[in-house]
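Have a look at the structure below, then the notes.
Values quoted throughout were computed directly from the atomic coordinates according to the rules given, and no laboratory measurement underlies them. None of these values were measured; they are calculated from a predicted model. When we count neighbours, we look across all protein chains shown, and the Cβ atoms used for this are built from the backbone with ideal geometry, even at glycine.
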Amino acid sequence: MTPPSLVWFHHDLRVADNPALTAAVKQGGPVIPVFIWAPAEEGPWAPGAAARWWLHQSLTTLDARLRKRASRIVIRQGNSLDILQSLIRDTGARAVFWNHRYEPSLVERDAAILGTLCAHGLHVAPCQAGVLFEPRATLNKAGNPFQVFTPFWQWCRSRPEPAPPLKSPSFLPTPERWPDSTPLACLALEPTVDWAGGIRATWRPGEEGAHRALRRFLRTAASGYSEHRDRPDEERTSRLSPYLHFGEISPRQAWHAVRTHVRTHAEKHRGAEAYLRQLGWREFAHQLLFHFPHSVDQPLRAAFANFPWRDDTTNLKAWQRGHTGYPLVDAGMRELWATGWMHNRVRLVTASFLVKHLLLPWQAGARWFWETLVDADLANNTLGWQWVAGCGADAAPYFRIFNPVLQGEKFDPRGDYVRRWIPELKHLPAAWIHKPWDAPKAVLAKAGVQFGTNYPEPVVLHHTARIRALAAFAKLKKEHHDES
């Protein structure tokens, strides 16, 4: 009789298109799904509060899907290697399957575990599941990692298309005796004080929720995605990011669903290509994280290590809570706090405001997003913040400073997004909603807006902040030029 196999779930909390699970089934013998909660092994980037909430729900739904296949998830807490070895002894397993992770601390951990298990004669088979293209093999003609997106994306599109998704196994062979499992509640992933009501009302974690979101996107938003994806006042994005992060849907499932949809809906081709390009940015982020692991907390461009960031806890807190006095920025930060998510265009504007208007370090913003986003992904978070700050790969030029008023007028022209998240401004006319300080006193009085009482004065003037930021960035550029 073929001995059991362990399938060690990471951020691949799905049954369909799960290479590790499929490989274990093909191995023959009982299959024992395992999840190990080991936040200490992720170093300073253990999951934040919003992500932990999501993880709890996702593990619940994964267990339900496994039970429909006569299986279940075995949950343990502690050192991953110790737990795997314990399970191997208890079950007689002779094979362990898992899907790759690309976070620096976990790359090292998994490599060490691989070496130890192989040395003990086990069959160990890490698989590729969370990306379309393996970062280890994603190199330019000179054999170096890509640091500019366009040639990276050209390289990706020159490769064969990602393989079709694997089908979901209808049944999983079970062991004669299941090993003990820690109750999910004992992991204490959910908050003891229930602040997650808005997140719970917004999202449906799990594999079914992921495919529901994908179907909605294809049905209602894909055709106009390229033209409307920057509009936070409209439901024109896929909102798949948390599902992709937790592996409740795989990138190739998303890829092939979009490609298949376009074959029968030619009018959606432009929007589909724009969305696939966004998947490309996700790939770009993961290959950067893999090849430049120090970039999670250090600038990829070394010169930025000497940038004169300010230390201003008052303005940092104002930004975190959506009290900067700039409506688009504040709306974004309040959406984040309430739902664990923020529209990507608004992420760019809020991030730019922190690092360029307030001259506060991008690491502080990355840490806040990490704690509050349900889709907090180390690769995407790092790329996004370094891009805005101008210190990363393919970064925005230092002189690109988003004007939050103009951004609001362009991408939220009626002010609907601001009104949704800042009710104290909901009665302002569209002409003034992105710059309420310029509104006539009579308009403010009629709208019930009282600066300093129910809505703050701007913490900094755009014109002044822009001059200050340009001077700081220009000085850094000159110093770097002189040194080189």
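Summary table below
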quantity	calculated
Under Karplus coefficients 6.51, -1.76 and 1.60, residue-wise ³J(HN,Hα) of segment 28-37 in Hz, glycine/proline x	x, x, x, 10, 10, x, 9, 10, 10, 8
Cα-projected label distance for residue 67 with residue 468, points at 7 Å along beta-carbon direction, nm	5.6
Likely footprinting exposure, 345, 367, fewest C-beta neighbours within 10 Å first	367, 345
For residue 127, residues with placed amide H under 5 Å, excluding near neighbours	98, 99, 100
Packing-based exposure ordering (other Cβ within 10 Å, fewest first) of 446, 478	478, 446
Value of Rg to Rh for segment 302-483 (Rh from inverse mean 1/r over Cα pairs, i.e. Kirkwood)	0.98
Fewest-first sequence of 264, 182, 324 by Cβ atoms within 10 Å of each Cβ	264, 182, 324
5 angstrom amide H check on residue 77, placed H, neighbours 5+ away	37
Segment 264-304 and segment 56-96: distance between their alpha carbon centers, rounded to Å	32
Cα-Cα over 22 Å, subset of 317/441; 141/478; 356/410; 410/477	317/441; 141/478; 410/477
Three-way shape call for segment 1-86 based on the alpha-carbon gyration tensor, with the a/c threshold at 1.5	oblate
Virtual spin-label span in nm between residue 163 and residue 399, 7 Å along Cα→Cβ	4.9
C-alpha center-to-center spacing [segment 132-208, segment 321-339] in angstrom	29
Derived scalar couplings ³J(HN,Hα) [segment 121-129; Karplus, 6.51 cos²θ - 1.76 cosθ + 1.60; whole Hz; x for Gly, Pro]	x, 7, 8, 10, 9, x, 10, 8, 9
Residue-wise HN-Hα coupling along segment 292-307, computed from phi with Karplus coefficients 6.51, -1.76, 1.60 (Hz; x: Gly, Pro)	10, x, 5, 6, 5, 9, 10, x, 5, 8, 4, 4, 6, 4, 9, 5
The chain, relative contact order [Cα under 8 Å, separation at least 6], %	17
Extension gain from residue 219 to residue 426, taking 0.36 nm per residue of separation minus the Cα-Cα distance	71.4 nm
Normalised contact order of segment 1-96, rounded percent, pairs of Cα under 8 Å and 6 or more residues apart	40
Degrees between helix 104-119 axis and first principal axis of the chain (Cα, 0 to 90, nearest 10)	10
Set of lysines with alpha-carbon distance to residue 167 below 23 Å, sequence-local pairs under 8 removed	26, 68
